[in-house]
Amino acid sequence: MVLQAETEYGTDPDDDTRRSLLRHMLVARGVDEEARQLQKQGALDLWLSCQGQEAAQVGSALAVGPAATVFPSYREHAVALLRGVTPDELVAQWAGRTFCGWDPRRLRFFPYTLVLAAQTLHGVGYAIGQRLQGRDDLVVVYMGDGATSEGDMSEALNLAAVESASVLFICQNNGWAISKPAGEQMRTSVAERARGFGIESVRVPGQDPETVFSACSRAAAQVRAERAPCLVEIPVGRIHGHSTSDAQEVYRDHEDIARARAADPVTAYAARLSGLGLVDTAWLDAVDAEVRELRERLMKEYV
Ligand SMILES: Cc1ncc(C[n+]2csc(CCOP(=O)(O)OP(=O)(O)O)c2C)c(N)n1
Ligand SMILES: [Mg+2]
C-alpha cells in the first residue's frame, strides 16, 4: 500500500501553525545566513547551508511533534532550532568549540552525523530498543539523497521493515551529493526504493511548508498507529554550494542555481501569508527584530 496522494492529506495546518511555520523558517534563514557570513570572516571552520530546504525541515519538524526523537544528518539547522537548540549551540561545533553542543536526550535531537547514513541505523536501533523497553515513541531519521546510496541506508530500511520499527524516514532530496547529481545516483525515486523494502512511502514537493506538514503529519500518524516504518521523500532546492568550501558554479548549471534561488521557499511563503492577510507588517517586523537580535548575539560571540 502507498500513502495517499498529495491532495488527499487530511491534516492541514491551522492559521497559528501557518504563522509558526513561517516564523521558524525566517529564524532558520537568518541564523543560517549569519553562520555563512561568520565562516567567510574565518570565525567558523565550515558551514553547510540549509537555504532552500527550510520548508521541508520546518514543515516536517512541526508535524512530527516534540515527543518524536530525531536523528539528523548534518544540515538540519531549521529542525535543530525548532527543537530548542540555540543558535550558539548550533554554531559552536562548526567553530571547533564542542563535539555536539546540545543535550541530545533533553531535546530528543541527536548529534549531527557526518558519516553518511550512519544515523539511519542508529535511529532504527533506537526504535527497536525503545520497544524492548516498553516505549514506542516515534523516531524520525533525516538523510539526503546522496546518503541513500550508502549500504547503511539499505540495511536500515530492511531492518526497519522486518522489525516493524516505528521510524519515519525523511529524505531531503536536494538533487546533489556535493557535485554528483541525483540522476547519476539512482534510477528510481527514493520513495519507490523504500516500497521495494516493504515500506510505505510518498514523495511530496518541498517548496511549500504546508504540503510537507500535511504529508508528514499523516505519515507520522500512520507510523504511530501501525507501528511500522514510513518514508517521505521531499525534493528541495539547494541555493548555495554543498558547503562553504564548495564552489558550485564550477559544476552546476547557472540556470539551475538561478531556478533554486527563484523558488526560495522562505520568501514565497512570507509573500503567501501576507497576501492572505495572515501576517501583517507589524508581525513581520517583530520576527525581523527577533532574527536581528539572534544574529547580533552570534556576531558578538564569534567575531
Ligand atoms: C560514509 C561517507 N562517505 C562520504 C562522505 C563525504 N560526503 C560528505 S557529504 C557528501 C554528499 C552527501 O549528499 P546528500 O546525502 O545528498 O546530502 P546533502 O549534503 O546534499 O544534504 C559526501 C559524499 C561522508 N561524509 N561519509
Ligand atoms: Mg543531497
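Read-outs throughout are calculated quantities, based only on the coordinates presented, and are distinct from any laboratory measurement. Treat the numbers as computed from the prediction; the structure is a model and nothing was measured. Glycine also receives a Cβ, built like all others from the backbone with ideal geometry; neighbour counts cover every protein chain displayed.
Worth a mention:
- C-alpha long axis of helix 15-40 to longest principal axis of the chain, angle in °: 60 degrees
- When ASP12, ASP208 are arranged by Cβ crowding within 10 Å, least crowded first, meaning fewest neighbours, the order is ASP12, ASP208.
- 0 to 90° range, to nearest 10: angle between helix 265-275 axis and the chain longest Cα axis: 80 degrees
- Over all distinct Cα-Cα pairs of segment 25-174, the Kirkwood formula returns a hydrodynamic radius of 15.7 Å.
- For the chain, built as a Gaussian network whose Cα springs stay under 10 Å, the top-fluctuating residue of THR281, THR148, THR267: THR281
- From most to least packed by mean Cβ count within 10 Å, the peptides 55-65, 283-293 give 55-65, 283-293.
- Listed residues GLU76, GLU226, GLU33, most fluctuating in the chain (Gaussian network, C-alpha, under 10 Å): GLU226
- Given charges at Cβ of Lys, Arg, Asp, Glu: the chain dipole, positive-most of LEU22, GLY206, ILE128: ILE128
- In the chain, the inverse of the mean reciprocal separation of distinct Cα atoms equals 19.4 Å; this is its Kirkwood hydrodynamic radius.
- Which of LEU116, LEU168, LEU46 has the fewest Cβ neighbours within 10 Å, and the rest in rising order: LEU46, LEU116, LEU168
- For SER179 and THR86, the FRET efficiency from 1/(1 + (r/R0)^6), where r spans their Cβ atoms and R0 equals 25 Å, is about 0.15.
- Gain in span if fully extended, ALA225 to GLN133, counting 0.36 nm per residue against the direct Cα distance: 31.3 nm
- Across segment 62-141, the mean sequence separation of Cα contacts (distance under 8 Å, 6 or more residues apart), normalised by length, yields a relative contact order of 42 percent.
- For segment 6-297, the relative contact order comes to 25 percent (Cα pairs under 8 Å, sequence separation of at least 6).
- With distances taken between every two different alpha-carbon atoms, segment 185-252 has a Kirkwood hydrodynamic radius of 14.0 Å.
- Relative to the longest principal axis of the Cα atoms of the chain, helix 281-302 runs at roughly 90 degrees.
- Counting other Cβ atoms within 10 Å as a rough exposure proxy, the listed residues ILE170, ILE178 run ILE178, ILE170 from fewest neighbours to most.
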